[in-house]
1. Would you mind telling me which numbered condition in (1) at pLDDT below 95; (2) assigned by TED's automatic domain parsing to the domain that holds ILE88; (3) among the aromatic types (Phe, Trp, Tyr) PHE257 fails?
2. Looking only at segment 140-182, which residues are under 26 Å from ALA203 (Cβ atoms) and basic (Lys, Arg)?
3. When you scan segment 128-235 for helices (runs of 4 or more DSSP H) that lie fully inside it, which ones turn up with 1 or more residues that are on the phi < 0 side of the Ramachandran plot, at pLDDT 95 or above and surrounded by fewer than 18 Cβ atoms within 10 Å (Cβ to Cβ)?
4. Any residue at all in segment 168-183 that's more than 13 Å from the chain's Cα centre (by Cα) and over 24 Å from GLY108 (Cβ atoms)?
5. Report whether or not ALA95 is surrounded by 12 or more Cβ atoms within 10 Å (Cβ to Cβ), in the same structural domain as TRP213 (by TED's automatic domain parsing) and either under 16 Å from the mean Cα position of the chain (by Cα) or over 20 Å from ARG50 (Cβ atoms) (or both).
6. Examine segment 142-149 for a residue that is touching a Cys at 6+ places or on another chain (Cβ under 7 Å) and within 19 Å of TYR251 (Cβ to Cβ), and state whether such a residue exists.
7. Which count do you get for residues in segment 216-257 that are β-branched (Val, Ile, Thr) and in contact with a Phe, Trp or Tyr (Cβ under 6 Å, 6 or more places away or on another chain)?
8. I need the full set of residues from segment 236-245 which are among the hydrophobic types (A, V, I, L, M, F, W, C) and buried (at least 23 other Cβ atoms within 10 Å of the Cβ), in order please.
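The values are calculated or read from the model by the stated rules, or taken from the named source; none is laboratory data. On a predicted model such as this, the values are computed, not experimentally measured, just so you know. As a convention, Cβ positions derive from the backbone with ideal geometry for all residues, glycine included, and neighbour counts pool all protein chains shown.
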Amino acid sequence: MEELNIHITHSTCGECGETVKPHHRFCFNCGAFLGGEGERIDVFNNSQLRHAFVFYSLYLFICLMVKYTEWFGNYDHLFWIELLLAAITVSFAIANRRNVRPLLSFRGFSPLITAGIVLLAILFSFLVNLLVHELNVSLFHSDVSFYRGYRIYIAPRLLMVYSIALMPALFEELAFRGVLYGYLAEVMDEKLVMIITGFIFAAMHLNFISLIWLIPFGIFLGFLRKKYHTLWYGVIFHFVFNLVACLIDLYNEGVLF
């Protein structure tokens, strides 16, 4: 995939001085009218939206295939799907490396912020797992165990953490807060991109009830990316959140230690 060359000019709002893009007709910050000659942007005339559409379509197609076919009922097959999604994500990240590379820098990384993110992830994971447990018992009269799908393999606990915590934290953040966010931020206001990618991330999981917590989860990860201009805080939050879910599940199954 060839490297993308992005040449989007920016201007400022005459009322408040906020940076706006050439196709904006109104300032997102103060609402001032910017003129009626804004360029119409859609997937047919903008390469960034086309790449975003293709990328997410590939991601969604694979997720739909996993959810609605029986061939992926065990981790022997899911392992290769994880690698496929990782390869697709890395390919698009390399193609758009001019925008993605700065997000991978540790420059300015704060241990204090990291500690706060870890504590917040632990708290949020406990609350979500309590909610999920209550919903499963109340609505479906059952509870879901992650561990049962891994216990037939060698080192099932490590494999479970690798699959549920490590891989999603690394490659979903690179995919949604790196690649997809970067494409959309070239043609949309970044605050809007933060919300859109949060919803798209939640929808990718193909679970209606999980939207209750996946949407705020995704938006918060977008906020971390926007505020700190790095993927690593989001990766840490995502990893710790999923790791705590794994540990809770292992504890409930009586195999934590």
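1. Unmet condition: (2).
2. Matches in segment 140-182: ARG177 only.
3. Filter on segment 128-235 gives 156-161, 190-204, 211-228.
4. yes
5. Taking the combined requirement at face value, the residue does not satisfy it.
6. Yes, segment 142-149 contains at least one residue that is touching a Cys at 6+ places or on another chain (Cβ under 7 Å) and within 19 Å of TYR251 (Cβ to Cβ).
7. 0
8. PHE237, PHE241
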